[in-house]
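Sharing a structure, written as structure tokens. Questions coming.
The values are calculated or read from the model by the stated rules, or taken from the named source; none is laboratory data. The structure displayed is predicted, hence computed values, not measured ones. For neighbour counting, all protein chains shown are included, and Cβ atoms are generated from backbone atoms with ideal geometry for every residue, glycine included. Accessible surface is based on the protein model in full, side chains and every heavy atom, while ligands, DNA and RNA are left aside. Shrake-Rupley method; radii C 1.70, N 1.55, O 1.52, S 1.80 Å.
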Amino acid sequence: MLMNSMVIILGLAFFYMVCFSFLTATVFAEKMRNKYVLGKAVQSAAFLLVFCVATQIGKEEGESFLIMLWPFLCCFVGDILMGCYNRTRKKPYFVGGVVTFLSGHIGFVYWLCSMQRLQWVDFILPACAIFLSIGIIHKNKLHTGSLKPFILTYSMFVSMLFSKSMHIALVDRNVAAVVTAVAATLFWTSDVSILFLYFKKQKTKKVQMFNLATYYIGMFLFAIYPLLG
């Protein structure tokens, strides 16, 4: 059974990397930059498809599937909104993307809490994350403007996701819990890089690719969870 799951995961990973190659081309190839939003949509649809296939094969129960589906859908919509923001620099797209992703983070936290109830220790890192974000913003002179409250709220919930996943991994110590913790770590790392991607005057393709790679790998690891149980 484990061998079958590994073969399926490798096949899904290959498909996922093909989609990511297309997204990468829209970042670096001059002639394809106008297809960046499409690239984001394709890659995001890929993690939705991976999750649905993994759920079907892993025979995840209906209620659990619905709990996990919500954050994946939110991330899918959020990706498209942020892709539109990258192309147009219109603030409503950014705010919409942040709010949608925030809803997704809350959904992921709710999913983790269905495995292990929320405890006081899970709030330590999210509280620290608010002050850490303020420090990063001021130290690097990031121009957040009126979006600062959204950013601080966002950082609190993504840190809650990271904190809760680590708590579960330390207690359960199984493959599924550890992979989920790695996924949350990549997710958190990607979100930290967003500060430098969107609010620093000098932006580089390296930062953008780091942001995309950590985020989409994290989403893939979340998506294959039903195959790891």
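Between T185, T204, which is of a type outside the set (A, V, I, L, M, F, W, C), open to solvent by 40 Å² or more (accessible area, probe 1.4 Å) and under 19 Å from F123 (Cβ atoms)?
Details: T204 fails: under 19 Å from F123 (Cβ atoms).
Selected residue: T185, the only one of T185, T204 that is of a type outside the set (A, V, I, L, M, F, W, C), open to solvent by 40 Å² or more (accessible area, probe 1.4 Å) and under 19 Å from F123 (Cβ atoms).
Now for a different question. Let me confirm something: among K141, K205, which residue is farther than 30 Å from M68 by Cα and in contact (Cβ under 8 Å) with a residue 60 or more places away in the chain?
Numbers: K141 fails: in contact (Cβ under 8 Å) with a residue 60 or more places away in the chain.
Checking each option against the conditions leaves just K205.
From the list F72, F51, which residue is aromatic (F, W, Y), in a helix (DSSP H, G or I), within 18 Å of the chain's Cα centre (by Cα) and under 19 Å from I8 (Cα atoms)?
Being aromatic (F, W, Y), in a helix (DSSP H, G or I), within 18 Å of the chain's Cα centre (by Cα) and under 19 Å from I8 (Cα atoms) holds for just one of F72, F51, which is F51.
Of the conditions (1) at pLDDT below 85; (2) of a type in the set (K, R); (3) not in a helix (DSSP H, G or I), R117 clears all except one; give me its number.
(1)
Can I ask one more? Which members of segment 1-36 meet the condition of being surrounded by 11 or more Cβ atoms within 10 Å (Cβ to Cβ) and charged (D, E, K, R)?
Passing the criteria: R33, K35.
How do the pairs read when you match residues in segment 167-178 that are closer than 19 Å to S5 by Cβ with residues anywhere that are of a type in the set (F, W, Y) and buried (at least 17 other Cβ atoms within 10 Å of the Cβ), using Cβ under 8 Å and keeping only pairs 6 or more apart or on different chains?
From residues that are closer than 19 Å to S5 by Cβ, the pairs are A176/Y225.
Continuing with the same structure: I need the full set of residues from segment 150-178 which are more than 21 Å from Y110 (Cβ to Cβ), open to solvent by 80 Å² or more (accessible area, probe 1.4 Å) and assigned to a helix (DSSP H, G or I), in order please.
V175 - this is the single residue of segment 150-178 that is more than 21 Å from Y110 (Cβ to Cβ), open to solvent by 80 Å² or more (accessible area, probe 1.4 Å) and assigned to a helix (DSSP H, G or I).
Same structure, new question: Among L118, L73, L102, which is the only one that is within 23 Å of S146 (Cα to Cα) and among the aliphatic types (A, V, I, L, M)?
Numbers: L118 fails: within 23 Å of S146 (Cα to Cα); L73 fails: within 23 Å of S146 (Cα to Cα).
L102 is the lone residue from the list that is within 23 Å of S146 (Cα to Cα) and among the aliphatic types (A, V, I, L, M).
For segment 127-142, does any single residue satisfy the condition of being in contact with a Pro (Cβ under 8 Å, 6 or more places away or on another chain), modelled with pLDDT of 85 or more and surrounded by 11 or more Cβ atoms within 10 Å (Cβ to Cβ)? Reasoning before the result, please.
Keep residues of segment 127-142 that are in contact with a Pro (Cβ under 8 Å, 6 or more places away or on another chain), which gives none.
Scanning segment 127-142 turns up no residue that is in contact with a Pro (Cβ under 8 Å, 6 or more places away or on another chain), modelled with pLDDT of 85 or more and surrounded by 11 or more Cβ atoms within 10 Å (Cβ to Cβ).
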